Amino acid sequence: MIKDKIKQISEEIKQISKKDICLMEVCGTHTMSIARHGIRSLLPSNIRIISGPGCPVCVTPSGEIETAINLAKDDRFIIATFGDMLKVPGKSASLQDYKNVKIIYNPLESLKLAEDNPLKQVVLLGIGFETTSPLIASTIKTAHKMSINNFSVFCMHKTVPSAINLIIDSDKDRNISGLILPGHVSAITGRRYFDFIKDKKISGVICGFEALEIMQTIYILIRTFELNETIVINNYKTVVSEEGNLTAKKAVFDVFDMCDSEWRGIGLIKDSGLKIKAKYKEYDAVIKFGLKVVSLPDPAGCRCGDILMAKAIPNECKYFGKECTPSNPIGPCMVSSEGTCAAFYKY
Ligand code: SF4
């Protein structure tokens, strides 16, 4: 039944799509979903779908990864992290090489680690976009309430809008005309958060992760483009509201300030990251331990930066599928379960 609907939408897209068009998705889960469901093969050749900087692990710069690895080398610390950071290669090692690195599934588990290990300093690696920053914010607030003082966060959070702006503004040859907007991020931020896209004369549609939802979204974007209209709408209404999750947004507002942030392969983007507010500075690992985060070059020849900027696709990298595979990754785009190189390799 669903397959029939998808096929029908595929036919309708073929009928209405007359002009060449490039659509970009900006969510790692969409990257995987589009690859897994073979969405590209259901579309006519004039429709190109590219991936943007939607994988949080992939956009974390080498200098931050190296700083986390240096912490893991020090026995005074326990590093709490989501599992997808483990294999990201640093200069000579990765986090998985150190026994004091612990995988967590919920940031609150890092507080339990701190309570169970009072002689150690537990550092939680705060990575991710608007989806995960509320969880980290509420963990910091809980630590503050419980007066847990052997806990802190190495904050590497990024926010989506400035990166989208940069990619669209620097788009000289891809002519991106529509965005498949991230469902998870929008569940927190709400639809209104993405209204800025309209000013760029580009449409955006917030989308779920099933094949049918993605095909419907592509249909909407194509139809709008053919009619020369610009819209920013929500096609994931079961999860996303106009204003988003107000409780989560308040937690982020309470704990974090906006800051400029370095993105892997892209460089410093103004107002694209989060830093811990002075009120919670005792939970900021950078301040607490005087961490020096330096910019480091990406692995030689790795084109993750171009891929994250939607300037290249993975098989344009000379290492793809040869020297670089998921079991032997050179760059983070091949490590992360949401990385574009990993998606291309797997599907
Ligand atoms: Fe980097 Fe590997 Fe992707 Fe090439 S294939 S861009 S080396 S992660």
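Project the alpha carbons of the range 187-270 onto their principal axes and report the range along each, largest first, in whole Å.
Over the range 187-270, Cα extents along the principal axes are 41, 31, 24 Å.
Using +1 at the Cβ of each Lys and Arg and -1 at the Cβ of each Asp and Glu in the chain, identify which of Phe320, Gly128, Tyr236 lies farthest towards the dipole's positive end.
It is Phe320, whose Cα lies furthest towards the positive end.
Taking only the alpha-carbon atoms of the range 69-181, what semi-axes of the equivalent ellipsoid follow from 5 times the gyration tensor eigenvalues under a square root, in whole Å, largest first? Write out the running numbers ahead of the final one.
Details: eigenvalues 212, 68, 20 Å².
So the three semi-axes of the range 69-181 are 33, 18, 10 Å.
Bin width 5 Å, origin at 0, all Cα-Cα pairs of the range 238-347: what percent of pairs per bin?
2, 10, 15, 15, 13, 14, 15, 11, 5, 0
Would you mind calculating the relative contact order of the range 245-317 from Cα pairs under 8 angstrom and at least 6 residues apart, reporting the percent as a whole number?
Relative CO of the range 245-317 lands at 23 percent.
If each of Glu210 and Glu229 carries a label point 7 Å out from its Cα toward its Cβ, how far apart are those two points in nm?
2.5 nm
Running Debye on the chain with equal point scatterers at the Cα sites and no solvent, what base-10 log of I(q)/I(0) appears at q = 0.07, 0.14 Å⁻¹?
-0.30, -1.13
For helix 62-72, report the angle its Cα long axis makes with the longest principal axis of the Cα atoms of the chain; keep it between 0 and 90° and round to the nearest 10°.
The angle comes out near 30 degrees.
What is the extension gain from Lys198 to Lys281, computed as 0.36 nm multiplied by their sequence separation minus the C-alpha to C-alpha distance, in nm to one decimal?
Answer, rounded to one decimal: 26.2 nm.
Could you tally the net charge around Cys207, taking each other residue with its Cβ under 13 Å from the Cβ of Cys207, Lys/Arg +1 and Asp/Glu -1?
-1
Could you work out the helix-only [θ] at 222 nm for the chain, with each DSSP H run of four or more residues adding -39,500 (n - 2.57) and the total divided by the number of residues, to the nearest 500 deg cm²/dmol?
For the chain, the value works out to -10000 deg cm²/dmol.
Please report the base-10 log of the normalised intensity I(q)/I(0) for the range 165-232, using a Debye sum with one equal scatterer per alpha carbon and no solvent, at each q in 0.12, 0.14, 0.18 (1/Å).
Those come out to -0.30, -0.41, -0.69, one per q.
Using only Cα atoms, find the angle between the long axis of helix 160-169 and the longest principal axis of the chain, and express it within 0 to 90 degrees, rounded to the nearest 10.
Tilt of helix 160-169: around 50 degrees.
Starting from the Cα-Cα distance between Asn117 and Asn70, subtract it from 0.36 nm times their residue separation and give me the gain in nm to one decimal.
Extra length available between Asn117 and Asn70 comes to 14.9 nm.
What is the projected area of the convex hull of the Cα atoms of the range 1-84, averaged over all directions, in nm²?
Numbers: hull surface 31.3 nm².
With every direction weighted equally, the projected area is 7.8 nm².
Is any residue of the range 222-251 close enough, with backbone N under 13 Å, to a label point placed 7 angstrom from the Cα of His144 along the Cα-Cβ axis, and if so, which?
Residues passing the 13 Å test: 250-251.
Distance between the C-alpha centers of the range 265-326 and the range 200-221? Whole Å please.
The distance from the Cα centre of the range 265-326 to that of the range 200-221 comes to 27 Å.
Please return the longest range in the chain lying between exposed loop sites, taking GluC sites (Glu not before Pro), DSSP loop only, at most 15 other beta-carbon atoms within 10 Å, and leaving the sites out.
Formally, the longest exposed-site-free interval is 1-209.
Under 5 Å between amide H atoms, partner at least 5 residues away or on a different chain: which partners does Val122 have, H built in plane at 1.01 Å?
When sequence neighbours closer than 5 places are left aside, the close amide H contacts are Ile78, Phe151, Ser152.
Note down the relative contact order for the range 119-162 as a percent, whole number, built from C-alpha pairs under 8 angstrom at least six residues apart.
Working: 47 pairs, mean separation 26.1, N = 44.
So the answer I get is 59 percent.
Test of understanding: what is the full-extension gain from Thr238 to Ile16, defined as 0.36 nm times their sequence separation minus their Cα-Cα distance?
Contour length minus the Cα-Cα distance gives 77.2 nm.
Only the coordinates and a few stated rules stand behind these numbers; no lab work does. Just so you know, these numbers come straight off a predicted model, no measurement behind them. Note that each Cβ is placed from the backbone with ideal geometry, even for glycine, and that neighbours are counted across all protein chains shown.
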